[in-house]
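One structure is given here, and the rest of the page talks about it.
Derivation of every value follows stated rules applied to the coordinates shown; laboratory data play no part. Being a predicted model, the structure only gives us computed values, none of them experimental. Because the Cβ atoms are built from the backbone with ideal geometry, glycine has one as well, and the counts that use them run over all protein chains shown.
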Amino acid sequence: MKRSCFISVLVLIFCFISNQLFAQRDLSKVEIKIIPVEKNIYMLQGAGGNIGICIGKDGILLVDTQFAELSDKIKDALKKISDGEIKYILNTHWHRDHTAGNVSFGTKALIISHYNVRKRLSTEQRIFSRIINPLPTEGLPRLTFYTSITLYFNDEEVRVVHFAKAHTDGDSVVFFTKSNVLHMGDLFFSGRFPFVDLESGGNVLNLTKTIESILQRIPSTTKIIPGHGPLSTREDLKAYHHMLIQTTEIVREKIEKGKSLEEIKAEGLPDVWKSWSSGFINSERWIEIIYTSLMKK
Ligand SMILES: [Zn+2]
């Protein structure tokens, strides 16, 4: 395939993806589900990235905030489990399905993120042809870090650790160390192929190394809140890691045999990976993301 044609195909694909991530969607029918995780830790599912919650005597800490249109529903859900105030918000990365709700909470709570998350939220971003405007000031992180930061809150040691160039260039995971719970943001799409934002510094090969490193850090009993998908276990993360390695290897071998992206897509992935294909990232798009990551090496 000619390079210009390849780029056009990628533009079309990412327009679709950016629509999924950033478009004005009708969220009026979305219900917020409260999922107990461990002691005072909960997960909220609505639309967009899963929210992690730590409640207790010090108040409420949120990991990510989904879409602004859902903020009132999120506040109602929080009232069912705590009468405390939201004191801290941690952003796992800049994508709006995880951060747009910041504007509803940022005047009262302190928003914390990796330096690159603030940088991307405070400037115009592009996902190919789509322009993403900066968030208003009240939605921006007011405390940033480069490597890691630890909060002592509700008798928890909340460790926020940055992993470079995986899903984006600003990803962090959040360890609730005493409760043995981990929020992984979009480093983990549980049971499905992930979106990897190559334009924001993401890369499948680094993502795979990052997952390997996280697997080495956590025991088998850790409960994991993924960016997307159900509450998960270390076994689920291992299966995801296995998928990343195996599918990358399949595409790499085909490239080495001289096959084009079109040919690799036409051949598809073995049936064993069929269930990992979701509406958001199907097999073809996943192949393209791997292919582009390998070509960028
Ligand atoms: Zn994301």
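If you rank I34, I281, I250, I51 by fewest surrounding Cβ atoms within 10 Å, what's the result?
Values: I34 14, I281 22, I250 18, I51 26.
The fewest-first ordering by Cβ neighbours comes to I34, I250, I281, I51.
Summary: within the chain, the longest segment free of GluC sites (Glu not before Pro) located in DSSP loops with at most 13 other C-beta atoms within 10 Å is 125-297.
Placing a label point 7 Å from the Cα of D72 along the Cα-to-Cβ direction, the residues of region 22-62 whose backbone N falls under 20 Å of that point are 24-34, 45-48.
Note on W273 and R126: their simple-model spin labels are 3.0 nm apart, each label 7 Å out from Cα toward Cβ. Taking the helices alone, the chain has a mean residue ellipticity at 222 nm of -11000 deg cm²/dmol, built from -39,500 (n - 2.57) per DSSP H run of at least 4 residues and averaged over all its residues. Near A166, once Lys and Arg are set to +1 and Asp and Glu to -1 for all other residues with Cβ below 13 Å from its Cβ, the sum equals -3.
Each residue in F193, F163, F188 was given a count of other beta-carbon atoms within 10 angstrom of its own, and listing them fewest first yields F163, F193, F188. Can you give the Rg to Rh ratio for the chain, taking only C-alpha atoms and Rh from Kirkwood? Over the Cα atoms of the chain, Rg/Rh equals 0.97.
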